[in-house]
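Data first, discussion second: the structure below is written as structure tokens.
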């Protein structure tokens with residue numbers, strides 16, 4: 001479970017050290033850890049008409065649901081020990097459901113799709129920039145609220161943009177930097193409907209917050225385990241470390257942008273019920 005971090009004294013913690021967050025929306029309790037957090041920071045599981053338990057990342061499915069805020073590793077451990085089935089039976093008020101072994105993989109895929117969909121929507125709305133020159137210019141003029149890179153972005157490019165961001169924020173000498181996402185440039189480009197996207201940035205505070213929340217749920221769930229498929233390495237945008245954190249550090253490494261907007265790591269519709 002995580003606690004949103006701001007630019008002062010808030011700390012984002014792991015599920016075993018959760019701190020009561022300052023909530024802005026409805027709060028739910030994780031059925032496994034018993035920690036409470038904002039609904040948008042958790043993942044809803046729903047009981048499909050055919051009795052399968054499936055991810056409902058956007059929390060749109062009708063009927064009774066159950067909420068989880070643990071990482072994939074923790075979920076798989078609970079599955080193996082039977083704790084997940086017991087917790088779901090209590091949440092659903094029935095033991096008549098099918099729990100597929102691929103549920104953790106489905107959740108990870110749904111969260112990734114949600115994060116990429118969010119980035120795509122911001123690209124269409126005009127709040128997302130791509131291209132080194134455009135991002136650098138916006139960064140130096142203080143317009144950036146979040147900075148991200150493809151997993152296969154070069155170190156030099158990431159350092160250059162991080163430095164421009166620090167200059168624009170009048171934070172030279174700090175460790176403000178961007179986040180390397182756990183997806184390579186072909187996948188990022190496809191999600192945004194653009195060619196050869198290596199670096200992206202958000203120029204709108206609200207957009208940065210939306211992306212941050214979607215990415216945070218995904219990166220928190222996949223955790224620090226070695227990534228496969230399109231996921232190769234990741235981090236979040238924010239003021240810590242240089243030149244860029246990696247996915248192996250997990251979602252708990254994310255930071256807030258200096259204006260107070262959380263820049264943490266970006267669900268499918270009811271595609272989960274395919």
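The values are calculated or read from the model by the stated rules, or taken from the named source; none is laboratory data. None of the values given here were measured: they were computed from a predicted structure. Heads up, the Cβs are rebuilt from the backbone with ideal geometry, glycines too, and the neighbour counts pull from every protein chain shown.
One table, with the values for the structure above:
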| quantity | calculated |
| --- | --- |
| Residue satisfying all of: in region 38-57; within 16 Å of the chain's Cα centre (by Cα) and modelled with pLDDT of 95 or more; surrounded by the most Cβ atoms within 10 Å (Cβ to Cβ) among these | 57 |
| Counted residues, region 130-156 - those being crowded, with 21+ Cβ neighbours inside 10 Å and within 22 Å of residue 213 (Cα to Cα) | 10 |
| Residue within region 157-168 that is surrounded by fewer than 17 Cβ atoms within 10 Å (Cβ to Cβ) and within 30 Å of residue 67 (Cα to Cα) present | no |
| All helices (runs of 4 or more DSSP H) inside region 15-126 with 1 or more residues being closer than 25 Å to residue 182 by Cα | 72-80, 103-125 |
| Selection count, region 192-208, where residues are part of a helix (DSSP H, G or I) and surrounded by 20 or more Cβ atoms within 10 Å (Cβ to Cβ) | 2 |
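Conditions tested, residue by residue: (1) buried (at least 23 other Cβ atoms within 10 Å of the Cβ); (2) modelled with pLDDT of 95 or more; (3) assigned to a loop (DSSP other than H, G, I, E, B); (4) within 14 Å of the chain's Cα centre (by Cα).
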residue: 173; (1), (2), (3), (4): no, no, yes, no
residue: 187; (1), (2), (3), (4): no, yes, no, no
residue: 210; (1), (2), (3), (4): no, yes, no, yes
residue: 233; (1), (2), (3), (4): no, no, yes, yes
residue: 258; (1), (2), (3), (4): no, no, yes, no
